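Undergrad: Starting off with a structure, shown below.
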Amino acid sequence: MWGPVGETRSERPGRGLLFAVADGLGAYGGGDVASCLAIAELLARTSQPGEPGGRPAGVLRNAYSAANQRVFDAALSGQGTRKMQTTLTTLLLSPGEVHVAHVGDCRAYRLRGDTLELLTTDHTQVMEMLRLKLITPEQAADHPARNALTRSLGADLIVRADIGREALIDGDVYLLCSDGLWSKVDANEIAAALRDGVRSACEQLVELAVQRGGEDNSSALALRVHAAGRPPEAASGWKRFFRS
């Protein structure tokens, strides 16, 4: 991680392996406080086996809601600054599957074989304009609104997190990173660094981002799956009504 306004974390909560990157917004100040609060609340809400929400997707949704509330309330009580906010992108790995939760413009990438895939969608004005075909990808690269967020933790009383599920297989490589990193390196460079090994990938990519300007905080977390396992079999028929 490069710079003070960001937080990366990996833990083994009660529901699997948890990896997260949070990047506090610098415009309003207090981003370092907001990112630390969000990570702390995420860990607290995912570490208990009996946490309400049941399945991983529900647990993550509840955790994001609680993290948003904590940042919002802390700003009002003067813990940080009045409008402090943060992004948060999370991977929750369990046997045979990975759940991705996301708010903001940090990103989650997966390298599977030779194919690098972006698993998240940036919550920015530029991405919304791209979706509506108001601008081209070429225009988006240098658009003045490319860093303007449409969603973040702490901005409003309620936040909607993107929650998705992907199959997990042996050999998968994942990268979580902030916009200060992915805005300075391209997909080919990310894939090449991850192929060289996760131990060196973060250092290589952060150093490259810094060499190219480093105007923003650059945070990165990489991991490789060695034993994916199998997801639990779904209950069928009348048995599904009696699952614990």
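The values are calculated or read from the model by the stated rules, or taken from the named source; none is laboratory data. Everything numeric in this text was worked out from a predicted model, so none of it was measured. For neighbour counting, all protein chains shown are included, and Cβ atoms are generated from backbone atoms with ideal geometry for every residue, glycine included.
Undergrad: Out of the strands (runs of 3 or more DSSP E) lying entirely within the stretch 61-122, which hold 1 or more residues that are free of Cβ contacts under 8 Å to residues at least 12 places away in the same chain?
TA: In the stretch 61-122, 115-118 are the strands (runs of 3 or more DSSP E) which contain 1 or more residues that are free of Cβ contacts under 8 Å to residues at least 12 places away in the same chain.
Undergrad: Report, by residue number, each residue of the stretch 197-227 that is touching a helix residue (DSSP H, G or I) at 6+ places or on another chain (Cβ under 8 Å) and farther than 22 Å from Val98 by Cβ.
TA: Those that are touching a helix residue (DSSP H, G or I) at 6+ places or on another chain (Cβ under 8 Å) and farther than 22 Å from Val98 by Cβ: Ser200, Gln204, Val206, Leu208, Ala209, Gly214, Glu215, Asp216, Asn217, Ser218.
Undergrad: Taking the condition of being modelled with pLDDT of 95 or more and closer than 18 Å to Leu176 by Cα, how many residues in the stretch 25-42 meet it?
TA: Residues that pass the stated criteria total 6.
Undergrad: Which one of the conditions (1) part of a loop (DSSP other than H, G, I, E, B); (2) farther than 30 Å from Ala193 by Cα; (3) not basic (Lys, Arg) does Met129 fail to meet, given that it meets all the rest?
TA: Of the numbered conditions (1) part of a loop (DSSP other than H, G, I, E, B); (2) farther than 30 Å from Ala193 by Cα; (3) not basic (Lys, Arg), the odd one out for Met129 is (1).
Undergrad: Here is a follow-up. Can we say Thr87 is among the hydroxyl-bearing types (Ser, Thr, Tyr) and crowded, with 19+ Cβ neighbours inside 10 Å?
TA: Values: among the hydroxyl-bearing types (Ser, Thr, Tyr): yes; crowded, with 19+ Cβ neighbours inside 10 Å: yes.
In short, yes.
Undergrad: Sticking with this structure for a sec: Confirm whether Gly96 is touching a Gly at 6+ places or on another chain (Cβ under 9 Å) and closer than 25 Å to Leu17 by Cβ.
TA: Values: touching a Gly at 6+ places or on another chain (Cβ under 9 Å): yes; closer than 25 Å to Leu17 by Cβ: yes.
The answer is yes for Gly96.
Undergrad: OK, next. Which ones in the stretch 195-208 are touching a residue at least 60 places away in the same chain (Cβ under 8 Å) and under 15 Å from Arg107 (Cα atoms)? So that I can check it myself, show each step before the final result.
TA: Of all residues in the stretch 195-208, those touching a residue at least 60 places away in the same chain (Cβ under 8 Å) come to 195, 206.
If the condition is that a residue be touching a residue at least 60 places away in the same chain (Cβ under 8 Å) and under 15 Å from Arg107 (Cα atoms), then Val206 is the only one that fits.
Undergrad: Out of Leu157, Leu134, Leu111, Leu119, which single residue is within 13 Å of the chain's Cα centre (by Cα) and of a type in the set (A, V, I, L, M, F, W, C)?
TA: Residue meeting the stated conditions: Leu119.
Undergrad: Continuing with this model, one more query. Taking the stretch 136-175 on its own, how many of its residues are touching a His at 6+ places or on another chain (Cβ under 8 Å), part of a loop (DSSP other than H, G, I, E, B) and either among the hydroxyl-bearing types (Ser, Thr, Tyr) or buried (at least 18 other Cβ atoms within 10 Å of the Cβ) (or both)?
TA: 4
Undergrad: Still on this structure, I have one more. Need the failing condition index for Ala228 against (1) more than 14 Å from Arg110 (Cβ to Cβ); (2) modelled with pLDDT under 95; (3) not acidic (Asp, Glu), just the number.
TA: (1)
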